[in-house]
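What follows is calculated from the coordinates using simple rules that are stated; it is not laboratory data. Given the structure is predicted, the values throughout are model-derived calculations rather than measurements. When we count neighbours, we look across all protein chains shown, and the Cβ atoms used for this are built from the backbone with ideal geometry, even at glycine.
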Amino acid sequence: MTVRIGIIGSGFMAHTYAEVLTRYTQHGQLVAVAGGRRAPGLAEQYGIQAEPTVGALVARDDVDAVIITSPEQARLAQTRLAAEAGKHVLAEKPMAPSVAECDGMIQACEAAGVTLMIIQSQRYRGVHRRAKDLITSGRIGAVREMRIWSLFSADWSVPVVRDRPWYNDPDAGLFMSQTVHNFDTLRWLVGSDARRVYAHVRSYGGHGIPNLSCAALVEFESGATGQVWVNMELPGQTFPDSQFHSQVVGDTGLLDLDGYTHLDLGTADGWQRVWEQPPFDPLNPLDPVRLESFTLQNQAFIDSIRLGQPPQVSGRDGRAAVELAEAALLSSRTGKPVDLPL
Ligand SMILES: NC(=O)c1ccc[n+]([C@@H]2O[C@H](COP(=O)([O-])OP(=O)(O)OC[C@H]3O[C@@H](n4cnc5c(N)ncnc54)[C@H](OP(=O)(O)O)[C@@H]3O)[C@@H](O)[C@H]2O)c1
């Protein structure tokens, strides 16, 4: 069985998935695209059809599934359209701008009996896959503590928001778009749901963009503690190895990893380098090294449909990341810890 796929949206991530589906995945076929001024150009580049509306795309008999790459504010409405037309859904992160909208997406897909999977591309990076394997195979014992940080210069974030005005949303925006990566990786590597969040979220100023900096403390049901530090307004420079860096403390060992550079294991015998990530350009939609994680997750989506298996990253997983980000904002606004679930 070939899974025939339509893409919603036609920007950076749509280009990413068009390339992945055309060149790298198996048993999937890119059929059409809809949404945004760039749809006709993308369709021409990949020899597919451009539909005038998302409704027209999901009405096609030769589309089995859609990948939603439009702004997250459109996610719930477009998921409902797709699910009601019987199409499976792979939705970009953040799953939606709020937990309430995530719940709507889960309900729509459950009611229609279609698969809902959420892109959490950091889970599929080589460093993170190997870190997860080390943890689940018991190499560092039970996870006690983990901290994760992503630091960027304002020279990166200001143009990103200028090109994507929806990132200015104070209730979601660039804050949620970045921190769902961090919160999801934290929850996934710790291997437990969170039960409490305390956070301070703000912008230190000058750029007119809300919530560029976040410090959050997360308590997990397992008893583990997590720390998240995101800063997207460093002055003109950033720190080395700080794009997606984590440190994990287990009962019997340590991990030091950055999704873009390395994975190190520390035990009583000392430190050893487990794996080095070959360099890639995160801003180039065609860089084959960058595309590895997107290929793996698209293949997992295709296979879950073909084989009738549950998706590797479920709606519940996507919701949990949004919930942590929403709780961090709520905690910051009230000055109090927030108990989960929301
Ligand atoms: N997984 C990752 O690592 C990763 C990385 C980057 C972004 N993302 C996520 O991917 C999503 C898109 O980001 P991007 O960087 O690809 O943005 P982008 O380049 O601006 O692309 C967004 C596309 O959606 C189109 N669009 C806008 N409103 C729409 C609507 N209501 N219905 C259908 N299409 C609509 C835009 O139209 P125009 O062409 O007319 O502008 C554009 O083609 C965001 O949710 C973001 O958080 C994920």
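Some points to look at:
- Summed residue charge, Cβ within 14 Å of Gly206's Cβ, Lys/Arg positive, Asp/Glu negative: -1
- Put a plus charge on the Cβ of each Lys and Arg, a minus charge on the Cβ of each Asp and Glu, and nothing anywhere else: the dipole of the range 186-250 about its Cα centre is then about 120 debye.
- Backbone HN-Hα couplings from phi across the range 332-342 [Karplus 6.51/-1.76/1.60, Hz, Gly and Pro as x]: 5, 6, 9, x, 10, x, 10, 7, 10, x, 6
- For the range 311-340 and the range 83-113, distance of Cα centres in Å: 17 Å
- Surrounding net charge for Ala131, when Lys and Arg each add one and Asp and Glu each subtract one, Cβ distance under 14 Å: +3
- Counted residue by residue at 0.36 nm each, then reduced by the alpha carbon distance between them, the extension gain from Asp281 to Asp241 reaches 12.9 nm.
- When Rg and the Kirkwood Rh are both derived from Cα coordinates, the Rg/Rh ratio for the range 264-342 amounts to 1.13.
- Think of the range 28-120 as a dipole: +1 on every Lys or Arg Cβ, -1 on every Asp or Glu Cβ, centred on the Cα centre; then among Ala82, Val63, Leu42, Leu42 lies furthest on the positive end.
- Dipole in debye (nearest 20) - the chain, about Cα centre, beta carbon charges: Lys, Arg +1; Asp, Glu -1: 120 debye
- Gap separating the Cα centres of the range 216-257 and the range 8-65, nearest whole Å: 36 Å
- Which of Thr261, Thr115, Thr179, Thr69 has the fewest Cβ neighbours within 10 Å, and the rest in rising order: Thr261, Thr115, Thr69, Thr179
- When the Cα atoms of the chain are aligned to their principal axes, the ranges along those axes come out at 57, 43, 39 Å in descending order.
- Normalised alpha carbon radius of gyration of the range 1-127 [divisor 2.2 N^0.38 Å]: 0.98
- Magnitude of the charge dipole, the range 1-154, Cβ model with Lys/Arg +1 and Asp/Glu -1, debye to 20: 760 debye
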